[in-house]
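The values are calculated or read from the model by the stated rules, or taken from the named source; none is laboratory data. Note that the coordinates shown come from a computational prediction; the quantities given were computed from them, not determined experimentally. With ideal geometry, Cβ positions are generated from the backbone for all residues, glycine too; neighbour counts draw on all protein chains shown.
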Amino acid sequence: MRAQVSRRTIFAFIGPAVFGLAIVGIAPLLYAGWTSLHFFNLTKLKRIKFIGLENYWSVLTDEVFWQAMGRTFFLLCTALPLQIALGLGIALILHKPGLGLLKTLARLSLVLPMATTYAVVGLLGQVMFNQKFGVVNQLMGGANINWIGDPTNAFAMIIFWDVWQWTPFVALVLLAGLTMVPGEVEEAARLETKSWWVVLRHVQLPFLLPGLVAVLILRTADTLKLFDMVFTLTRGGPGSSTEFISLMIQRVGFRGFDQGLASAQAIILLIITIVLAQIYIRVFYKEV
Amino acid sequence: MKLNRLLCSVALASVMATGALADDSDWSYKKAAEPYAGTTIDVVFLLRPGYEAIEAMLPEFENETGIKVNVIKHPYENALGEQVRDFVAGGDLDIALIDLVWIGNFAENDWILPIENFTSNAAITDPDLDLDDFFPLVLDAFGSWNGTVYGLPFDNYSGLLFYNRCMLEEAGFDGPPQTWTELKDTYGPALTKDGKYAFALQSKRNETQSADSFARVLWPFGGSFLDEEFKSNLNSEESQTGLKFRQDLMQYMPDGIVAYDHAEAVNGFAQGDVAMITEWSAFYSTVVSPDTSSVADCVEIAPEPKGPAGRKPALGGFSLAVASQADEAEQAAAWLFIQWATSKANALEYLERGGVPARQSAYEDPALAEKYKFVPALVESWQDGVPEFRPRFAEWPEITEIVQEWGTKIMLGEVTTEEGAQEIGSRMETVLEDAGYYSGEKPLAQ
């Protein structure tokens, strides 16, 4: 027997959430869509006019935009594998039986980097990677490495901070996946083989996949919108070496005040994100 | 008959003068502010010494007038964005804080009001306002746009050469370099050794790159951003000489100079790692205070070195103007505050508290030069500056972004000075064309 729920009840429960989402998420998106079709510069509001897809054309043909996009994906492709490898290692260690208290402490301390505000991470980075007084150069035996002022080093520094901040997240997600593996299955597998790789590949990995896909989607989205940490640390410099896509959009929209162009860039970025998320789900995601 | 008329007119004039005096002596901020007591005015301040100075003096103004000044503090890099958003949205700001390169933008958008709107009202205008007392260059560059005065100069800078006398003496120099070439060819090699550097030119990719680094090497060498027709002048021989000079000078600067902002350059100097910097007058208090400087006793100040085209030192600074979005009472209260903050009467106290007033009368006392070593160099620099050191038109925020990007790429050697100048030039011309300068839609004012 199915309980009859009236349409009114359904609307009453779902309505507020939809309404909230519409106000917070959808209305600004529509507004950005509208803005992106106009010449809309905050300092030239008298000259707002409809220009069709011209902003999109400017973005798609702008070398600087694609360079920033390339840089962003390069960051994603270097930082994410590191995060997954390190995160999986940490998760496997924490999943081993024994040392209960220490493991609880370790799990708690994993939350700390994630709980640190992005902007603060950037400021910390400025101090720690300072060429002259920074603790990083001190720890490297008084090395005189110019971290912030050198394009390659500055990029490496961003990768380091991203890995530092988000490896724990990957570890916690994968640890949750590992605890889903039924104990008897894992035990049986260990009786069959001594190889940890075989256990991981054939028994644990299927349970880790949903978590991994979530990590992929979330980290990709996070990297595409990575802003605060880089802004406070290098401000996109030196030159353009750490100008990722979000920094570029902010620069165009709020320092050059060209809201129309910035909206077009943001919408193109949104489309790319959605496409990527779809690909991830189709290619990697399988129900256990 | 003639004598009679003369006597009559002298008498009349003296009557008028005493009458005026009587009126003047009657005027006070307290009295002028009576109708506006209780009004709150909102203003953006920066995190810099000149603002701390006026904040310390604020209670005096608030007690006398009953006007409350609500200060919202931002670092420089956020100040433009915050104000633009406030003005676009019809927000709360009653006073605009205007960097000289923002004035065209603010004025063309009608976000600020000409002071004429207020000076015509004697009830709220200080009889001792005396606009002629401001350094003409400063009033013109910081406060005026297209011949109209909008703001009064408040936080005023000129680029100065800060040098470490002890390091220079040790290397056998008895004074600072007089020219940029001398700085590079003579002082550079002699002072760059043992982990110390002759010079640091703050060049970080923000307004610092455009104002402190890029423009600083254009003007003394005879270059400029634009020619008379508003086309790029960056590939001219003079501009290129300047930009190449900067590349060459980098060998005497610390590594990673493209990541140096004001703080890094000033600290490098204050820690004795760098012998000379060209910095804004506003940082004087930092380098001479033993709390923040280990070379306080060695600091000396000179005007910036000369180039083939003259001194043409960096020019920067802020004025305060009444915002058009304020209501009538707020506008009057704001005007009173602006006059008070930039007044002759308060100039000396402002100076003593760490600010740099733009009042000529404030610097008349020769004893000041001993107490504040930057004063003679500052006064000299303000005789010699270029108002359009950076163009002040509404398009500057877009153009400075281009200069910042390609200026740092030039310094990093990613492009040559010619390629970089070409990129900046063509992008800059696109912005100016869109704005309507080439079609005659807009007058060629910078």
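Quick notes
- Any hit, the range B:74-89, residues being closer than 24 Å to B:Thr400 by Cβ and away from chain A (no Cβ under 14 Å): no
- Restricting attention to the range B:341-388, the residues being of a type in the set (Asp, Glu), surrounded by 16 or more Cβ atoms within 10 Å (Cβ to Cβ) and modelled with pLDDT under 85 number 2.
- Qualifying residues in the range A:77-99 (those that are surrounded by 15 or more Cβ atoms within 10 Å (Cβ to Cβ) and not hydrophobic (A, V, I, L, M, F, W, C)) - the one farthest from the other protein chains (Cβ to nearest Cβ): A:His95
- Counted residues, the range B:317-329 - those being part of a helix (DSSP H, G or I) and in contact (Cβ under 8 Å) with a residue 60 or more places away in the chain: 1
- So B:Asp212, is it surrounded by fewer than 21 Cβ atoms within 10 Å (Cβ to Cβ), of a type in the set (Asp, Glu) and at pLDDT below 95: no
- Of all the numbered requirements in (1) under 22 Å from B:Ala377 (Cβ atoms); (2) assigned to a helix (DSSP H, G or I), B:Ala107 misses one, and that requirement is (1).
- Helices (runs of 4 or more DSSP H) contained in the range A:181-288 and holding at least 3 residues under 16 Å from the mean Cα position of the chain (by Cα), within 14 Å of chain B (Cβ to nearest Cβ) and modelled with pLDDT of 85 or more: A:228-233
- Some residue of the range A:163-176 being within 14 Å of chain B (Cβ to nearest Cβ) and either crowded, with 19+ Cβ neighbours inside 10 Å or part of a helix (DSSP H, G or I) (or both): no
- Test: B:Glu405 is among the charged types (D, E, K, R), in contact (Cβ under 8 Å) with a residue 60 or more places away in the chain and surrounded by fewer than 20 Cβ atoms within 10 Å (Cβ to Cβ): no
- Pairs where the first residue, in the range B:60-88, is hydroxyl-bearing (Ser, Thr, Tyr) and the second is part of a strand (DSSP E or B) and modelled with pLDDT under 95, C-beta under 7 Å, 6+ apart: B:Tyr76/B:Leu46
- Residue that is more than 20 Å from B:Met276 (Cα to Cα) and either out of contact with any Pro (no Cβ under 8 Å at 6 or more places or on another chain) or crowded, with 24+ Cβ neighbours inside 10 Å (or both), where the choices are B:Gln247, B:Gln240, B:Gln202, B:Gln251: B:Gln240
- Condition met for B:Glu304 (under 22 Å from B:Leu412 (Cα atoms) and touching a strand residue (DSSP E or B) at 6+ places or on another chain (Cβ under 9 Å)): no
- Single residue of the range A:18-76 satisfying the filter (among the polar types (S, T, N, Q), in a helix (DSSP H, G or I) and within 14 Å of chain B (Cβ to nearest Cβ)) that is surrounded by the fewest Cβ atoms within 10 Å (Cβ to Cβ): A:Gln67
- Residues that are within 11 Å of chain A (Cβ to nearest Cβ) number at least 3 in the following helices (runs of 4 or more DSSP H) confined to the range B:330-446: B:396-412, B:417-435.
- B:Thr119, sole failed condition from (1) surrounded by fewer than 18 Cβ atoms within 10 Å (Cβ to Cβ); (2) in contact (Cβ under 8 Å) with a residue 60 or more places away in the chain: (2)
- If you go through the range B:56-86 and pick out every residue that is assigned to a strand (DSSP E or B), of a type outside the set (Lys, Arg) and over 19 Å from the mean Cα position of the chain (by Cα), you end up with 4.
- Selected residue (criterion: farthest from B:Ala435 (Cα to Cα)) from residues of the range A:24-52 that are within 29 Å of the chain's Cα centre (by Cα) and among the aliphatic types (A, V, I, L, M): A:Val24
- In the range B:225-237, the count of residues that are assigned to a helix (DSSP H, G or I), in contact (Cβ under 8 Å) with a residue 40 or more places away in the chain and either more than 14 Å from chain A (Cβ to nearest Cβ) or surrounded by fewer than 20 Cβ atoms within 10 Å (Cβ to Cβ) (or both) is zero.
- Pick from the range A:82-141, criterion aliphatic (A, V, I, L, M) and either outside any helix (DSSP H, G or I) or touching a strand residue (DSSP E or B) at 6+ places or on another chain (Cβ under 6 Å) (or both), ranking: nearest to A:Gly177 (Cα to Cα): A:Leu99
- Matching residues, the range B:418-438, being buried (at least 22 other Cβ atoms within 10 Å of the Cβ) and over 19 Å from A:Phe40 (Cα atoms): B:Gly420, B:Ala421, B:Ile424
- Any hit, the range A:137-160, residues being in contact (Cβ under 8 Å) with a residue 60 or more places away in the chain, surrounded by fewer than 19 Cβ atoms within 10 Å (Cβ to Cβ), among the β-branched types (Val, Ile, Thr) and more than 10 Å from every other protein chain (Cβ to nearest Cβ): yes
For (1) among the charged types (D, E, K, R); (2) under 30 Å from B:Ala435 (Cα atoms); (3) without any contact (Cβ under 8 Å) to a residue 40 or more places away in the chain, each residue gets a yes or a no:
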site	(1), (2), (3)
B:Pro177	no, no, no
B:Thr192	no, no, no
B:Asn206	no, yes, no
B:Pro220	no, yes, no
B:His262	no, no, no
B:Gln271	no, no, yes
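- Identity of the residue in the range B:180-218, out of contact with any strand residue (DSSP E or B) (no Cβ under 6 Å at 6 or more places or on another chain) and β-branched (Val, Ile, Thr), that ends up nearest to the other protein chains (Cβ to nearest Cβ): B:Thr208
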